[in-house]
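In what follows, a structure is listed as structure tokens, so that the remarks can point back to it.
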Protein chains: 2
Amino acid sequence: MSDEQRWQRLDKRLVADRSPFARVYDLDFCLPDGRVITNWLQVDLPPFAVTFPLTEADEVIFVRQYRQAVDGYLLELSAGHLEAGESAQDAAARELYEECGAVAAEWQFLGRYVMDANRGCGWAHIFLARGAQIVAPADSGDVGEISVHRLPLGEVRRRWAAGEFVSAPTALAIGLALAALGR
Amino acid sequence: MSDEQRWQRLDKRLVADRSPFARVYDLDFCLPDGRVITNWLQVDLPPFAVTFPLTEADEVIFVRQYRQAVDGYLLELSAGHLEAGESAQDAAARELYEECGAVAAEWQFLGRYVMDANRGCGWAHIFLARGAQIVAPADSGDVGEISVHRLPLGEVRRRWAAGEFVSAPTALAIGLALAALGR
């Protein structure tokens, strides 16, 4: 097997345009063995930034809000879409301020990750932010109230290992940040 | 803020049906503050299982295959959709055997995670499988060749922390498994 065995795209058709939040396409491909697959759904969602904000007191800042996919409230790390022309770190810092009223002294990039390697579903850009502190009231959310919560780092680790953070970008970022912190 | 402030769903319209692989809907909601949002895209993808298979020699078994969303090859953990009526662990074991020709002695559930808390995009059911061993040739994949690779645990940790595993379910599972192993 060589890396040259890519799929050859034959066609791409727009199925639904909910810009700037989502675009869905049907793709047709010719596989390396000659088979053709049609109506392969591609889901384009915007890239987003996720931040693990650690305070000097070894607390992690979380947001809690209603999330449609679970029809309930989730405790998650601050996250949001990159705006046009905005760097991932600028988006992370902007969302941390908007959602939590927080700023941070030191930013470390922990990688970018595709949420679904088959269909897309957006890329997460993950950051560890040390020296985080709440300096302002949080904005209300775009589509509902957000509340801000601080949890001790040890509790975050325990609850993460127990599978309590069910939002995948949050759980991924917690794992990467704990490793980067050596905790 | 109380937990009663859920969004009230007003309507749900099928946008694209690519069953059993994907279904896309437009939803309309009434927010707690009375605002109405329309055409909120929901992306239903099947639940899937992801396995971190560790051998007695402290190697982790990976698969490498073409992935459409990156138009290239990715090194990932064994993963696949739950079939109708199949438990997550049964799906994980089946995929490990189909993709890697491997079985495992001891299975540990590390949680389930929604890939996109806004839109869905499927739930990942994550497992650590100790005592894994390759006992048969791997099947070829559904839509292209899969190759099987074994990496030493220390190398997996190093490459994971460096952001080299860009498939989010794989990176999430590696973090959880390393913590469960205390490594």
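The values are calculated or read from the model by the stated rules, or taken from the named source; none is laboratory data. Bear in mind the structure is a predicted one, so any value in this text is a computation, not a measurement. Don't worry about glycine lacking a Cβ; one is built from the backbone with ideal geometry, like all the others, and counts go over all protein chains shown.
Tell me, which residue of the stretch B:146-171 that is of a type in the set (A, V, I, L, M, F, W, C) and touching a residue at least 60 places away in the same chain (Cβ under 8 Å) is nearest to the other protein chains (Cβ to nearest Cβ)? The residue in question is B:V166. Among the residues of the stretch B:49-71, those that are within 7 Å of another protein chain (Cβ to nearest Cβ) and part of a strand (DSSP E or B) comprise B:Y66, B:R67. B:A93 meets the conditions (1) surrounded by 16 or more Cβ atoms within 10 Å (Cβ to Cβ); (2) under 27 Å from B:V15 (Cβ atoms); (3) more than 14 Å from chain A (Cβ to nearest Cβ) in every case but one. The failed one is (2). Here A:R9 meets each of (1) within 12 Å of chain B (Cβ to nearest Cβ); (2) over 30 Å from B:H149 (Cβ atoms); (3) charged (D, E, K, R) with one exception, condition (2).
Conditions tested, residue by residue: (1) surrounded by fewer than 21 Cβ atoms within 10 Å (Cβ to Cβ); (2) over 28 Å from A:I37 (Cβ atoms); (3) modelled with pLDDT of 95 or more.
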site	(1), (2), (3)
B:L27	yes, yes, yes
B:L31	yes, yes, no
B:R35	yes, yes, no
B:L41	no, no, yes
B:F52	no, yes, yes
B:E59	yes, yes, yes
B:Q65	yes, no, no
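Would you call B:D71 surrounded by fewer than 18 Cβ atoms within 10 Å (Cβ to Cβ), out of contact with any helix residue (DSSP H, G or I) (no Cβ under 9 Å at 6 or more places or on another chain) and in the same structural domain as B:R94 (by TED's automatic domain parsing)? Considered against the rule, which asks whether it is surrounded by fewer than 18 Cβ atoms within 10 Å (Cβ to Cβ), out of contact with any helix residue (DSSP H, G or I) (no Cβ under 9 Å at 6 or more places or on another chain) and in the same structural domain as B:R94 (by TED's automatic domain parsing), B:D71 comes out as yes. Of the residues in the stretch B:24-48, how many are touching a Leu at 6+ places or on another chain (Cβ under 9 Å) and more than 9 Å from chain A (Cβ to nearest Cβ)? Number satisfying all stated conditions: 8.
If I filter the stretch B:151-183 down to residues being of a type in the set (D, E, K, R) and surrounded by fewer than 16 Cβ atoms within 10 Å (Cβ to Cβ), which single residue comes out as nearest to B:D116 (Cα to Cα)?
The extreme case among them is B:E164.
In the stretch B:116-150, the qualifying residues are those that are over 20 Å from the mean Cα position of the chain (by Cα) and at pLDDT 95 or above, and the one that is nearest to A:L41 (Cα to Cα) is B:I134. Is it true that A:G85 is within 20 Å of A:D139 (Cβ to Cβ), out of contact with any Phe, Trp or Tyr (no Cβ under 9 Å at 6 or more places or on another chain) and more than 13 Å from every other protein chain (Cβ to nearest Cβ)? Considered against the rule, which asks whether it is within 20 Å of A:D139 (Cβ to Cβ), out of contact with any Phe, Trp or Tyr (no Cβ under 9 Å at 6 or more places or on another chain) and more than 13 Å from every other protein chain (Cβ to nearest Cβ), A:G85 comes out as no. Of the residues making up the stretch A:16-33, those that are part of a strand (DSSP E or B) and either within 24 Å of B:G72 (Cβ to Cβ) or touching a residue at least 60 places away in the same chain (Cβ under 8 Å) (or both) are A:A22, A:R23, A:V24, A:Y25, A:D26, A:L27, A:D28, A:F29, A:C30.
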